[in-house]
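Presented below is the structure to which this report refers.
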Amino acid sequence: MSRRRSSTPWVALAAAIAGLLGATQISEADWMRLGRAVWRVVATLQEDEAPRRRQAPAGEAFSGQPRVIDGDTLDVEGIRVRMQGIDALEGDQQCNRPGGRYACGREARERLVELIGGQAVTCVPDGTETHGRSVAVCSVRQGGREIDLNAAMVRSGLAFDCPRYSKGRYAALEAEAKAEKAGAWAGRFTYPWSHRDRAGACGR
């Protein structure tokens, strides 16, 4: 039996289009709002068509060659993983820095790929799920040392601490990234939870 699709993204898309049709002028913000609505519909369709993924038991580490989805999401051994305690820039996000706008969401994904460096990733789930994804802290061994990927993404300035879930574990790393103008901190950006119209989702 196929899973029932949620109508919410379609409602958001219809509302965005109706708003544009009723406007005398279409601003950049209007186009951004429509783009986000389309992005949600596409993401929902992809989830609906995907086979049910395995879920990871709490505390049971699992390893494998990952497929990087975005700056805080991986597929590892058939398990979709949401990296715990952080929120990376969304795949469709644009940010500003000296020299102009750039695809900061795509840069976040590329940074995670670079950190992994083709190595196997080990993830330790905390036992919770979000939208069918196992929430976990992931790491990789590089040059004889273990790198906490969640922490490294925050330190890169392309992901941010979510105190509601991290209990502030990455706050100091975020402060360092901000002080050094790393990643998105080099210019102006919208926090990913605000970009998704989910203000306060990270407890900020």
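The values are calculated or read from the model by the stated rules, or taken from the named source; none is laboratory data. Everything quoted here is computed from the prediction, not taken from an experiment. No Cβ is skipped: glycine too gets one built from the backbone with ideal geometry, and neighbour counts run over all protein chains shown. Ligands, DNA and RNA are stripped out before the accessible areas are found, and what is left, the full protein with its side chains, is counted by its heavy atoms. Shrake-Rupley method; radii C 1.70, N 1.55, O 1.52, S 1.80 Å.
One table, with the values for the structure above:
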{"read-out": "Answer from 122, 190 - the residue that is of a type in the set (Val, Ile, Thr) and assigned to a loop (DSSP other than H, G, I, E, B)", "value": "190"}
{"read-out": "Matching residues in the range 109-126 - criterion: being open to solvent by less than 70 Å² (accessible area, probe 1.4 Å) and in contact with a Ser or Thr (Cβ under 7 Å, 6 or more places away or on another chain)", "value": "120, 121, 122, 125"}
{"read-out": "Matching residues, the range 71-86, being within 24 Å of residue 184 (Cβ to Cβ) and crowded, with 21+ Cβ neighbours inside 10 Å", "value": "71, 72, 74, 81, 82, 83, 84, 85, 86"}
{"read-out": "Any hit, the range 185-204, residues being surrounded by 18 or more Cβ atoms within 10 Å (Cβ to Cβ) and either under 21 Å from residue 67 (Cβ atoms) or among the β-branched types (Val, Ile, Thr) (or both)", "value": "yes"}
{"read-out": "Residue ID - farthest from the chain's Cα centre (by Cα), chosen from residues in the range 164-187 that are of a type in the set (A, V, I, L, M) and part of a helix (DSSP H, G or I)", "value": "179"}
{"read-out": "Leading residue by the ranking (surrounded by the most Cβ atoms within 10 Å (Cβ to Cβ)) among those in the range 127-178 that are small (Gly, Ala, Ser), in contact (Cβ under 8 Å) with a residue 24 or more places away in the chain and more than 18 Å from residue 190 (Cα to Cα)", "value": "136"}
